[in-house]
1. Over all Cα pairs of the range 87-135, how is the pair count split among 5 Å bins, expressed in % and running from 0 up to the last occupied bin?
2. Roughly what would the spin-label model give for residue 107 and residue 123, points 7 Å off Cα along C-beta, in nm?
3. Pop out the carbon and sulfur fraction of the accessible area of the range 87-135 as a percent, whole number, probe 1.4 Å.
4. Quick check: residue separation of residue 64 and residue 132 times 0.36 nm, minus the Cα distance between them. What number comes out in nm?
Amino acid sequence: AEPSKPVPPPSDAMPRIQAPATTLIDAPAIAIAVAPAAATPIVATLPPAPPTAAPVHAAPTPVIPVAPPAPALKQVPASAVRYLREPRMSVPLMSRRLKESGVVHLRVVVDAQGQPREITLAKSSGFARLDEQALQ
């Protein structure tokens, strides 16, 4: 195999671009017609105004109090949450006998008072009994 020959570097000169030829045209002639002075003035009359109806007063709309918007959910990393009193872990008897084990990931929405408002399964352990027990 023969070594490849070096390629010469591209030249730094920009390619020469020619501007299009400009053609000059004569300016168009503009004629302005002047109206002859009118001997009699023209008076325009307005059409008669439409009859106005008596104003109708609408019943005042009742003011409905608007409830303040619900506070936005705040997401807190799991490492920032701790139990005040850790719950006792219980494994179903059948799961113990069958030597089922795994880790269940739960998604817990906590209200402003610190009570769980919604608990859903985020990731299963692979065993329905263990998942159900964790949700209790």
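The values are calculated or read from the model by the stated rules, or taken from the named source; none is laboratory data. Since this is a predicted model, take the numbers as computed values, not measurements. Cβ: placed from backbone, ideal geometry, glycine included. Neighbour counts: every protein chain shown. Side chains are part of the model used for accessible areas, which takes the heavy atoms of the whole protein and leaves out ligands, DNA and RNA. Shrake-Rupley method; radii C 1.70, N 1.55, O 1.52, S 1.80 Å.
1. For the range 87-135, the binned pair fractions read 5, 20, 26, 22, 13, 8, 4, 1, 0 percent.
2. 1.4
3. Summing carbon and sulfur atoms, their accessible area is 54 percent of the total for the range 87-135.
4. That works out to 20.0 nm of additional length.
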